[in-house]
């Protein structure tokens, strides 16, 4: 019976992946948005949501090693296996759009480098680090969406971020101020 469930799950996974890819392509075309932006936002979130559930559940139950292993393993698998198998399956390989080379790839490298101090300073990802990386993700996603729709990033997100950082700095400074 377990084998039947395994096969059924794999079949549904293939059908779901195909539906997600086709739906994302149609959405991008209908909205006039770059398929790269759809892939970097909706598809990325959709494929990562199960990993997030596993990692949050593992962290919640005190299995930090499982949570970290899931994230690191997933990223390595995505870059080294999924991307390589996709390029092998594609007749012409996978062309990296210039937009990705100019922004998304440097952001990915920057985030990887931003992890280094965490690992050099006690090997602990604190709640503050987690919140900061979550804010980075939200800012990156907001940038992708807003850059697609014009200069909203320049006139909305950057000032809002500056105000938010000023408020956080003020609150932090006030909490450390002697009474």
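The values are calculated or read from the model by the stated rules, or taken from the named source; none is laboratory data. This structure is a prediction, so every number in the text was calculated from the model and none was measured. Note that each Cβ is placed from the backbone with ideal geometry, even for glycine, and that neighbours are counted across all protein chains shown.
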Of the conditions (1) within 22 Å of residue 20 (Cβ to Cβ); (2) surrounded by 12 or more Cβ atoms within 10 Å (Cβ to Cβ); (3) under 16 Å from the mean Cα position of the chain (by Cα), residue 107 satisfies every one except a single condition; which number is it? (1)
Return the residues of the range 41-64 that are touching a helix residue (DSSP H, G or I) at 6+ places or on another chain (Cβ under 7 Å) and either under 19 Å from residue 20 (Cα atoms) or outside the structural domain of residue 14 (by TED's automatic domain parsing) (or both); say none if nothing qualifies. 41, 42, 43, 46, 51
Condition first: assigned to a helix (DSSP H, G or I) and over 17 Å from residue 49 (Cα atoms). Now tell me which residues in the range 19-33 satisfy that. 22, 23, 25, 26, 27, 28, 29, 30, 31
Got a sec? Which of 67, 112 is surrounded by 10 or more Cβ atoms within 10 Å (Cβ to Cβ) and assigned by TED's automatic domain parsing to the domain that holds residue 169? 112
Go over the candidates 147, 58, 99, 142 one by one and state the one that is surrounded by 13 or more Cβ atoms within 10 Å (Cβ to Cβ) and modelled with pLDDT of 85 or more. 58
